[in-house]
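*Asks:* Let me give you the structure first, and then I'll get to my questions.
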Amino acid sequence: MSETKKLMYVNRKAPYGTIYAWESLEVVLIGAAFEQDVSVAFVDDGVYQLCKDQDTTGLGIKNFSATYKALGDYDVNKLYIEKESLEARGLTLDDLMPLVYEDEDDDWAEKDSIKVVSSQEMAELFEQSDVLFNF
Amino acid sequence: MGIEVNGKVLETDEEGYLANLNEWEPEVATAMAKDEDVELTDSHWEVINFLREYYEEYQIAPAVRVLTKAIGKKLGKEKGNSKYLYELFPYGPGKQACKYAGLPKPTGCV
Amino acid sequence: MSILHTVNKSPFDRNSLESCVRLAAKGGAVLMIEDGVYGAMKGTSKSDMVSNAMKDLTFYVLGPDLKARGVDEGKLIDGVKVVDYSGFVNLTVENDKVQNWL
């Protein structure tokens, strides 16, 4: 196995209106098999992907918001959300699904995967990544 | 392609996965297993039912690594390992068990 | 003569809603669908634009698209009306023509 790389997936699109959000989620899940250092960023309309109480029954399409809850099982537990994007959309952390993972190194304690960060912190996270995947 | 179950022909894809998840019934698993000379035991059903519940909750078929971990948590350590799961499903617990459960092929499986 | 305007893009991603509001004549109806429904939420950086346009235009939003995206009706700008698919059909019939702001 080669050395671990820091991969960051950047989501900037709302779910359902375009295919980007679902495609990104699939790539994240597939990529998780390679045991790299994975993090996922949600900026601009990407923050809408994590809104709670999504119900697609009326549209007759798959409600993939449930799949974000599986990310913890895939050891994808660094989800960064830009504060400025949330604020511009009138959203707070309370409007989003709680997403958690079990920390293997801490007796499987349940911990939050979501971290709200400022634009400046987000810019630093981009800088620190080896590879950026944009959706 | 299709598979005949209870007098109805259900559509499947070129690899034998059920085209429509909602058409699944236990007899689908039995029929698919019979085609592959597998006799389904309670241990098989435990995994098949687990997969269906996982899909219901998360809308995806889990990767083998995730399935193994989750089975171990739910059904006990002695079942949460690849040896146990591969003995039950020699074609791969992901591929074969998901097929019997009427799910799509696990995301990331080729 | 009246026009039904449909907007299906998020106002944060494209300027479709902005152009629609700027170019729709008085008395027109604006229906937000698909990702366009985010334009109907209150407390956003685009909410004032919609509220201010309400003196000339009537705003509607498609319910099933709201639900899919987890947007509660309590989060809508006051005065925006929620319609279902048959309401969408009625709006197209009630107006002379449809302009889609893609």
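*Asks:* When a/c is below 1.5 the answer is rounded, else prolate if a/b is larger than b/c, else oblate, so apply that to the protein assembly as shown with a ≥ b ≥ c taken from the square roots of the Cα gyration tensor eigenvalues.
*Replies:* Taking the square roots of the gyration eigenvalues as a ≥ b ≥ c, the protein assembly as shown is oblate.
*Asks:* Using helices alone, I'd like the mean residue ellipticity at 222 nm for chain C: each DSSP H run of four-plus residues gives -39500 (n - 2.57), total over residue count, nearest 500.
*Replies:* That comes out to -8000 deg cm²/dmol.
*Asks:* What share of all Cα pairs of chain C, in percent, falls into each consecutive 5 Å distance bin?
*Replies:* P(r) for chain C, in whole percents per bin: 3, 14, 28, 29, 19, 7, 1, 0.
*Asks:* Only sites in a loop by DSSP and with at most 15 other Cβ atoms within 10 Å count here; which GluC sites (Glu not before Pro) in segment A:1-73 make the cut?
*Replies:* A:3, A:35
*Asks:* OK, next. Radius of gyration and Dmax for chain A's Cα atoms, expressed in Å?
*Replies:* 14.6, 46
*Asks:* List C:78, C:56 from most exposed to least, where exposure is judged by having the fewest other Cβ atoms within 10 Å.
*Replies:* The most exposed by this proxy come first: C:78, C:56.
*Asks:* Here's something else I'd like to know. Determine the relative contact order of chain C: mean sequence separation of Cα pairs under 8 Å and six or more apart, normalised by residue count, in whole percent.
*Replies:* 37 percent.
*Asks:* Along segment B:86-96, what does the Karplus equation 6.51 cos²θ - 1.76 cosθ + 1.60 (θ = phi - 60°) give for ³J(HN,Hα), rounded to whole Hz, x for Gly and Pro?
*Replies:* My calculation for segment B:86-96 gives 6, 5, 6, 10, x, 7, x, x, x, 4, 5 Hz in order.
*Asks:* If I take all pairs of Cα atoms in segment C:51-100, what percentage of them are more than 14 Å from each other?
*Replies:* More than 14 Å apart: 58 percent of the Cα pairs in segment C:51-100.
*Asks:* Another question about this same structure. To the nearest 10 degrees, how steep is helix A:20-31 against the longest Cα principal axis of chain A, on a 0 to 90 scale?
*Replies:* With rounding to tens, the tilt is 30 degrees.
*Asks:* How many angstrom lie between the C-alpha centres of segment C:7-50 and segment A:2-34?
*Replies:* Value for the Cα centre distance between the two parts: 29 Å.
*Asks:* Continuing with the same structure: State whether chain B is rounded, prolate or oblate according to the following rule on the C-alpha gyration tensor (a ≥ b ≥ c being the square roots of its eigenvalues): a/c under 1.5 gives rounded; otherwise a/b larger than b/c gives prolate, and the remaining case gives oblate.
*Replies:* It comes out prolate by the Cα gyration axes.
*Asks:* Something else: Quick one: angle between helix A:119-128 and the longest Cα principal axis of chain A, in degrees between 0 and 90, rounded to 10, please.
*Replies:* Here the helix axis deviates by roughly 40 degrees.
*Asks:* Here is a follow-up. Report, in degrees rounded to the nearest 10, the 0 to 90 angle that the Cα long axis of helix B:64-75 makes with the longest principal axis of chain B.
*Replies:* Orientation of helix B:64-75: about 70 degrees from the principal axis.
Read the figures in this text as sums done on the coordinates, not as results from a lab. From a predicted model like this one, the values you see are computed outputs, not experimental measurements. Quick reminder, even Gly has a Cβ in these numbers, built from the backbone with ideal geometry, and neighbours come from all protein chains shown.
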